[in-house]
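Below is one structure, written out as C-alpha cells, with a few remarks after it.
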Amino acid sequence: MKQTNQVLMTNDYDTFSYIKGNRSINKLNLKRITNSMRENYIPVPIIVNEKNQIIDGQHRFEAAKSLKKEVYCIKIPNLGLKEVTTLNTNTANWNNAAWLESYVDLGVEAYVTFKEFRKKTGFGYSICSALLANQSQRTGTLSREFKDGKLKIKSLATAYANAKKLDQIGEYFENYKSDSFSGCMLQLMHHEQYDHARMLQKLKLQAHTLPKSANGDRYKRDLIDIFNYHVAKKNKAAFF
C-alpha cells in the first residue's frame, strides 16, 4: 500500500478558511454533528487544498471548533469550488437555495437578479425560473442550467409584468402562489387564446369554485371552466 497524503492535526482553527461559493452551514446538520462529537469524538479528517480552504467537512470543522477539539485534515492541492460541489452533490444533494446562494456569493449577476426578483415577488424557484425565462414552465433544461451556473434572464420587465398578472389573480384566490396553481396559470397565460382581462372578470364571478388544495390537472380543468363561464360555444377556449 502506497502512502500519499498524511493526516495532519491542529488546534489552530484560524488556519482554515472556506471557499467562496460553497453553500452555507446547515444549522440543524451542525447541531446533529456537534452532539454526536460531544458524545463520542471520532476524528474523521476534513479535506483541504494547499491554501487550507475546506473542500469537504465544513460541518465537522465547525463542530470540532465549537467543542475545542483537534481538527484532523488531509491536504490535497489543486482542489476548488468544482470539487466542493461535486463532493456535496454526491453526499447530500444541493437544493435550489444552496445553488442560488453559491452563485450569488460568487457575484454572478443573473443569480443576484434572480434572488432579488424572488424576494420581491414571493414566488417559488420553479415559477421564478419560468417567469425570468419567459416560458410556460420550468423545464428540465432550465433546472440544469440553474445548477450549472448558466441561468439566463430573457426579459426582466416581462417577468415582472407577468408576476403582476399572477398577483392580480390573488385578489380572487388566496393560494395563487402555490407552484401547482401558478404553474397552471403560466401555461394558460402563454396560450394564444388567453385573455387576462377576461380571466379576471370570470374569476370575480366564479373564484369560489376553485378548490383550496388541488393538483395541477384539477386546477387546469377548473381554470378553463372559469375562463369559459357563460361564453358562447364558438368563443370557448380549449387550451389543452
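Relative contact order of the chain, taken over Cα pairs closer than 8 Å and 6 or more residues apart, is 14 percent. Charge dipole of the chain (Cα centre as origin; +1 on each Lys and Arg Cβ, -1 on each Asp and Glu Cβ, all else neutral): 520 debye, rounded to the nearest 20. Could you tell me which of the pairs Lys68/Lys119; Lys20/Lys165; Lys69/Lys119; Lys51/Lys152; Lys165/Lys233 are separated by over 29 angstrom between their Cα atoms in the structure shown? Pairs exceeding the cut-off: Lys68/Lys119; Lys20/Lys165; Lys69/Lys119; Lys51/Lys152.
Please report, as a whole percent, how much of the solvent-accessible surface of the chain comes from carbon and sulfur atoms (probe radius 1.4 Å).
Carbon with sulfur: 48 percent of the solvent-accessible area.
Full extension of the chain between Lys68 and Glu50 yields a length gain of 4.1 nm, computed as 0.36 nm times the residue separation minus the alpha carbon distance. Only the Cβ atoms of Lys and Arg (+1) and of Asp and Glu (-1) were treated as charged; on that basis the dipole of region 107-240 about its Cα centre amounts to roughly 100 debye.
Sorted into 10 angstrom bins from 0, the C-alpha pair distances of the chain split as 7, 25, 23, 17, 14, 10, 5, 1, 0 percent. For Lys204, the accessible surface of its heavy atoms amounts to roughly 150 Å² (probe 1.4 Å, protein chains only, rounded to the nearest 10). Each principal axis of the Cα cloud of region 126-222 was evaluated for its coordinate range; sorted largest first, these ranges are 44, 26, 22 Å.
Largest to smallest in accessible area, the residues Glu145, Glu171, Glu101 fall in the order Glu171, Glu101, Glu145 (1.4 Å probe, all protein chains included). Within region 35-66, the GluC sites (Glu not before Pro) that combine a DSSP coil assignment with at most 15 other C-beta atoms in a 10 angstrom radius are Glu50. When the Cα positions of Thr10, Thr34, Asn228 are compared along the charge dipole of the chain, Asn228 comes out farthest toward the positive end, with charges on each C-beta of Lys, Arg, Asp and Glu.
The values are calculated or read from the model by the stated rules, or taken from the named source; none is laboratory data. If you're wondering where the values come from, they're calculated on a predicted model, not measured in any experiment. In this analysis, Cβ positions are derived from the backbone assuming ideal geometry, glycine residues included, and neighbour counts consider all displayed protein chains. Remember, those area values only see protein heavy atoms, side chains included, never the ligands or the DNA or RNA. Shrake-Rupley method; radii C 1.70, N 1.55, O 1.52, S 1.80 Å.
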